[in-house]
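*Asks:* Please see the structure below; I have some questions.
The values are calculated or read from the model by the stated rules, or taken from the named source; none is laboratory data. Keep in mind that this is a model prediction, so the values were computed, not measured. Cβ sites come from the backbone with ideal geometry, for glycine too, and all protein chains shown count toward neighbours. Accessible surface areas use protein heavy atoms only, side chains included; no ligands, DNA or RNA. Shrake-Rupley method; radii C 1.70, N 1.55, O 1.52, S 1.80 Å.
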Amino acid sequence: MILKRFLANQMVKHKKKRAISLSILETKQSDSEVLDYNDSSYFAGLSRDGFSFVTRQSFRTNRSNENWLKVDIPGFGVWGFENRKMEEGEGFVQGNLKYQCQKPGEEWTISYDGPVFQNGEEREIKINLQWKSMTPIMDFDKEGTSPKQVASQLAKERWSLYFFRKLKEIHTVHYEQGGEITGTIQWREKEFSVKLKGVRDHSFGRRNWNDWERHIWFLGILDDGRFFNVSVIDYRFVKNLKAGFIFSNGKYTTFAQTPSFDELDLEEILPSELSLEVKSELNGEKIVIKTEMQQFFSFDMDGVYHIREAKSEFHYGSVKGIGIAEMGIKKDDITT
């Protein structure tokens, strides 16, 4: 085990970091030669008592594209769709669902004009929104992942050619950002002005939902302007890959310690409340993050994996915030 830990540390320490320009990062990527290649782009806009939404577009080489739009409309509940058949356009476009980059790393527009659904009923909605960044892009190839945590977990796994091949496959480009979303949502012939807290991510590389067993992805903006992430994922071939960061005083700090699933000790597969502890320094003070999930948006991934998004209130220590608490589980493990 000592030798494996040394080798794992060397492997993580010397992992090649990709140098990709911001203008390239912010464009749709494809590779028809790579099985299960996926380009996924996601936005969420959140408010405590008004409109909130999540939307995602995924462009895939050997499978049908994915798309999400779910809008929590005050007084009317959640309306939207999942994986409608819509023609792929140039850039991040499927049908009338469009994400357009106006300024890389800083400004985007999000628009949709068309039907949304709830319990078999259909209505029309028109969305015209502008994203503006509040934080720089957080590229996980550079920050957000503790090498010591990753190496420690890799050393616990059974190594084989299959293990290293699969490990290489999941090394995707992935970045996140906090921001603000403003604009209008037209519903039932009325136009509403909105101002929302915004979170986004973009990733590209290989992704196969059959490889996923469970994960959490908590992304929040605190009332004092800080932005944080806590993530943990179990794949079939490697467990408890962890990441997390806090953006504060103009810079990102990678969490030195974040919890594994064993430490979370979940009483329910998909709870509505959760507390966890992180440390920004190994010998530093523990910070308790409490999550109260309020509105749910659920999605089915290729019939094998279930994702539940939740608009959530966070407490980061004593500071409140709002964000997305995403949890996922392979469908074979859902018993309720």
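*Asks:* In percent, how large is the relative contact order of the range 126-270, given Cα pairs closer than 8 Å and 6 or more residues apart? Please report the intermediate quantities before stating the final value.
*Replies:* Working: 255 pairs, mean separation 36.2, N = 145.
Relative contact order comes out at 25 percent.
*Asks:* How large is the Kirkwood hydrodynamic radius of the chain, counting all unique pairs of alpha carbons, in Å? Don't skip to the end; give the middle numbers.
*Replies:* Working: mean 1/r = 0.0484 Å⁻¹.
That comes to 20.7 Å for the chain.
*Asks:* I would also like to ask the following. Within 10 Å, count the other beta carbons around each residue, average over each peptide in 18-30, 202-214, and list them highest first.
*Replies:* Per-residue mean Cβ counts within 10 Å order the peptides as 202-214, 18-30.
*Asks:* Under the √(5λ) rule applied to the eigenvalues of the Cα gyration tensor, what semi-axes describe the equivalent ellipsoid of the range 119-245? Give them in Å, descending.
*Replies:* Details: eigenvalues 260, 75, 28 Å².
So the equivalent ellipsoid measures 36, 19, 12 Å along its semi-axes.
*Asks:* Additional query: For the chain, what does the helix formula give at 222 nm: sum of -39500 (n - 2.57) over DSSP H segments with n ≥ 4, over the residue count, nearest 500 deg cm²/dmol?
*Replies:* Numbers: 5 runs with 39 residues, N = 336.
Result for the chain, helices only: -3000 deg cm²/dmol.
*Asks:* For the Cα atoms of the chain, what angle does the longest principal axis make with the long axis of helix 2-13, in degrees from 0 to 90, nearest 10?
*Replies:* For helix 2-13, the angle is close to 40 degrees.
*Asks:* Give me the log10 of I(q) over I(0) for the range 236-336 at q = 0.15, 0.18, 0.22 Å⁻¹, as the Debye formula computes it from C-alpha points; what are the numbers?
*Replies:* Scattering profile of the range 236-336, log10 relative to I(0): -0.73, -1.02, -1.36.
*Asks:* Share of the chain's accessible area from carbon and sulfur, percent, 1.4 Å?
*Replies:* Numbers: 7550 of 16260 Å².
After summing per-atom areas, the C and S share lands at 46 percent.
*Asks:* Based on the alpha-carbon set only, what is the convex hull volume of the range 4-129 divided per residue, in Å³? Before the final figure, lay out the partial values.
*Replies:* On the way: hull volume 23.6 nm³, N = 126.
So the per-residue hull volume is 187 Å³.
*Asks:* Using all C-alpha to C-alpha distances in the range 79-122, build P(r) with 10 Å bins and read off the rounded percent in each one.
*Replies:* Histogram of Cα-Cα distances, whole percents per bin: 24, 45, 25, 5.
*Asks:* Summing Lys, Arg as +1 and Asp, Glu as -1, what charge do residues with Cβ under 11 Å from the Cβ of His202 carry, His202 excluded? Let's see the in-between values first.
*Replies:* Details: positive: Lys28, Arg56, Arg200; negative: Glu26, Asp39, Asp139, Glu176, Asp201.
So the environment of His202 carries a net charge of -2.
*Asks:* Just need the relative contact order of the range 1-131 here, percent rounded to a whole number, with Cα pairs under 8 Å and 6+ apart.
*Replies:* Details: 210 pairs, mean separation 18.3, N = 131.
Averaging sequence separation for qualifying contacts and normalising by length gives 14 percent for the range 1-131.
*Asks:* How much length is gained if the chain between Asp36 and Gln186 is pulled fully straight, taking 0.36 nm per residue apart and subtracting their Cα-Cα distance, in nm to one decimal? Display every interim value, and only then the final one.
*Replies:* Working: separation 150, 0.36 × 150 = 54.00 nm, distance 3.66 nm.
This chain segment gains 50.3 nm when fully extended.
*Asks:* With viscosity set to 0.692 mPa s and temperature to 37 °C, compute the Stokes-Einstein D of the range 174-305, Rh being the Kirkwood radius across alpha carbon pairs; µm²/s, no decimals. Could you put the intermediate results ahead of the total?
*Replies:* Values: Rh = 17.2 Å.
In µm²/s, the coefficient rounds to 191.
*Asks:* Another one. Please give the contour-minus-distance gain from Ile24 to Asn128: 0.36 nm per residue of separation, less the Cα-Cα distance, rounded to one decimal in nm.
*Replies:* On the way: separation 104, 0.36 × 104 = 37.44 nm, distance 2.48 nm.
Using 0.36 nm per residue and subtracting the Cα-Cα distance, I get 35.0 nm.
*Asks:* Also, quick follow-up: Using a simple charge model, +1 on the beta-carbon of Lys and Arg, -1 on the beta-carbon of Asp and Glu, nothing else, what dipole does the chain show about its Cα centre, in debye to the nearest 20?
*Replies:* The calculation lands at about 1220 debye.
*Asks:* In addition: When averaged across all projection directions, what area in nm² does the alpha-carbon convex hull of the range 154-229 cover? Can you show the working numbers first?
*Replies:* Working: hull surface 34.5 nm².
Convex hull of Cα atoms, orientation-averaged projection: 8.6 nm².
*Asks:* Heavy-atom accessible area per residue, the chain, 1.4 Å probe: how many Å²? The partial results should precede the final answer.
*Replies:* Working: 16260 Å² over 336 residues.
I get 48 Å² per residue for this part.
*Asks:* Count charges around Val304 for me, please; just the other residues with Cβ under 14 Å from its Cβ, Lys/Arg as +1, Asp/Glu as -1. All intermediate terms of the calculation are to be shown ahead of the outcome.
*Replies:* On the way: positive: Arg63, Arg207, Arg214, Arg236, Lys330, Lys331; negative: Asp36, Glu66, Asp211, Glu213, Asp300, Asp302, Asp332, Asp333.
With Lys, Arg at +1 and Asp, Glu at -1, the neighbours total -2.
*Asks:* Also, quick follow-up: For the range 114-172, what does the alpha-carbon gyration tensor say about shape, rounded, prolate or oblate, given a ≥ b ≥ c as the root eigenvalues, a/c under 1.5 as rounded, and a/b over b/c as prolate? Could you put the intermediate results ahead of the total?
*Replies:* Values: a/c = 4.07, a/b = 1.94, b/c = 2.10.
Because a/c hits 1.5 or more and a/b fails to exceed b/c, the range 114-172 counts as oblate.
*Asks:* Once you place label points 7 Å from the Cα toward the Cβ at Glu87 and Asp113, how far apart are they in nm?
*Replies:* The answer from the label model is 1.6 nm.
*Asks:* I've got another one for you. Once Rh for the range 87-190 is found with the Kirkwood sum over Cα pairs, what is the Stokes-Einstein diffusion coefficient at 25 °C and 0.890 mPa s, in µm²/s? The partial results should precede the final answer.
*Replies:* Numbers: Rh = 17.6 Å.
Reported coefficient: 139 µm²/s.
*Asks:* I need the calculated FRET efficiency for the pair Lys331 and Asn283, taking r as the beta carbon distance and R₀ as 25 Å, to the nearest 0.05. Could you put the intermediate results ahead of the total?
*Replies:* Details: r = 41 Å, r/R0 = 1.64.
So the FRET efficiency works out to roughly 0.05.
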